[in-house]
1. Kindly evaluate residue 265 against the criterion of being farther than 30 Å from residue 88 by Cα, in contact (Cβ under 8 Å) with a residue 40 or more places away in the chain and among the charged types (D, E, K, R).
2. Given the criterion charged (D, E, K, R) and under 21 Å from the mean Cα position of the chain (by Cα), identify the matching residue among 229, 295.
3. Identify all residues within segment 211-226 that are more than 19 Å from residue 179 (Cα to Cα) and either out of contact with any Lys or Arg (no Cβ under 8 Å at 6 or more places or on another chain) or not in a helix (DSSP H, G or I) (or both); write none if there are none.
4. From 197, 303, 291, grab the single residue that is among the basic types (Lys, Arg), modelled with pLDDT of 90 or more and either in contact with a helix residue (DSSP H, G or I) (Cβ under 9 Å, 6 or more places away or on another chain) or not in a strand (DSSP E or B) (or both).
5. Can you confirm whether segment 11-30 contains a residue that is among the small types (Gly, Ala, Ser), under 46 Å from the mean Cα position of the chain (by Cα) and closer than 15 Å to residue 63 by Cβ?
6. Can you confirm whether residue 19 is among the aromatic types (Phe, Trp, Tyr), out of contact with any Gly (no Cβ under 9 Å at 6 or more places or on another chain) and within 23 Å of residue 139 (Cα to Cα)?
7. List the pairs whose first member sits in segment 134-163 and is at positive phi, whose second member is surrounded by 15 or more Cβ atoms within 10 Å (Cβ to Cβ) and not in a loop (DSSP other than H, G, I, E, B), and whose Cβ atoms are under 7 Å apart, counting only residues at least 6 apart or on separate chains?
8. Quick one: in segment 181-207, which of the residues that are farther than 20 Å from residue 234 by Cβ and of a type in the set (Lys, Arg) is nearest to the chain's Cα centre (by Cα)?
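The values are calculated or read from the model by the stated rules, or taken from the named source; none is laboratory data. Keep in mind it's a predicted model, so treat the numbers as computed, not measured. Positions of Cβ are backbone-derived with ideal geometry, glycine not excepted, and every protein chain shown enters the neighbour counts.
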Amino acid sequence: MDRLQSMRVFAKVVEQGSFARAGDQLDISNAVVTRHVADLEQHLGTRLLNRSTRKLSLTETGQQYLDRVRHILSDIDDADAMAAQSARCPSGTLRIYCHPNFGQTALAPLLPVFAAAEPKVVLDVTLADRPVDLVEEGYDIGIFIDNQKIDSSMIARKLATSSVVLTAAPGYVSRKGEPMAPRDLSKHDCLNHSYEKVRHTWPVQCGGKPVEVPIVSRMVSNNNAVLREAAIAGLGVMMRPSFTLGDDIADGKLVRLLRDHCVGRLGVYMVYPSRRLLSAKVRAFTEFMAKSFPEPDADPWLKSL
């Protein structure tokens, strides 16, 4: 028995004062109406309606039950309307996870633009450099970069490609000289992320092929902000994704080195649990991000460097 449907049929019978008229309103047969009410009474173990050939009347229990049923049906209708509205109009809290490197430099300037376009959406943004389970942790959207593991059950939409480039402060270049070829990096002080795979060599592209160049680390850190401050202070050469460097190079705090060479490329991905029945707030954000990054295989930041 579909108890909810039986409740709706029961309430409609009382409203119309007739099984037949209730059936007409609900577009079901008189026999089906009768069966719903009978099943409901059997389930409850009590009579809800007194029936005669001329009229229907509620029993005392039936009246009490009807009052509660009407509240329940009203709450359900309100919930349905709210869900339908959220599917049509972006609103509510949008929980976003983002890798901190991308979040602080590339995503942050976009969020006020999205917020202005969607005033009913509250943004709840978390930046964290750790494994994240979007579903378990209740995120609507995740922004990941290539070196993060993405659950294969998720939908991953590529936003952009970021080149990893070499930079140093102008003062450092004046003091130590500018590397003219990848092998020259072995003679320089390097500011290095603590990933084991780049601790002792950097994979610089030479003629389209990666060459592992031995390097000496002047500083190693798992925090990119620490490395950035050290680079700006002139401590050494740093390799960073292009999306983190625009302002520092534009402001003259850092200069790009070995412009004809690239250390690597990172894909940036927008990740969410399902394509089906996306809420309006998620759909609005995914469309906004897709418009913000129209060429997924291009590096939109490199031209400014």
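1. When the stated conditions are applied, residue 265 passes them.
2. Going through 229, 295 in turn, the sole match is 295.
3. Within segment 211-226, 220, 221, 222, 223, 225, 226 meet the criteria.
4. Numbers: 197 fails: modelled with pLDDT of 90 or more; 303 fails: modelled with pLDDT of 90 or more.
Every option except 291 fails the conditions.
5. Yes; the residues of segment 11-30 include at least one that is among the small types (Gly, Ala, Ser), under 46 Å from the mean Cα position of the chain (by Cα) and closer than 15 Å to residue 63 by Cβ.
6. Values: among the aromatic types (Phe, Trp, Tyr): yes; out of contact with any Gly (no Cβ under 9 Å at 6 or more places or on another chain): yes; within 23 Å of residue 139 (Cα to Cα): no.
Here the answer is no, as residue 19 does not meet what is asked.
7. Listed by first residue and then by second, the contacts come to 138/95.
8. Among those that are farther than 20 Å from residue 234 by Cβ and of a type in the set (Lys, Arg), it is 197.
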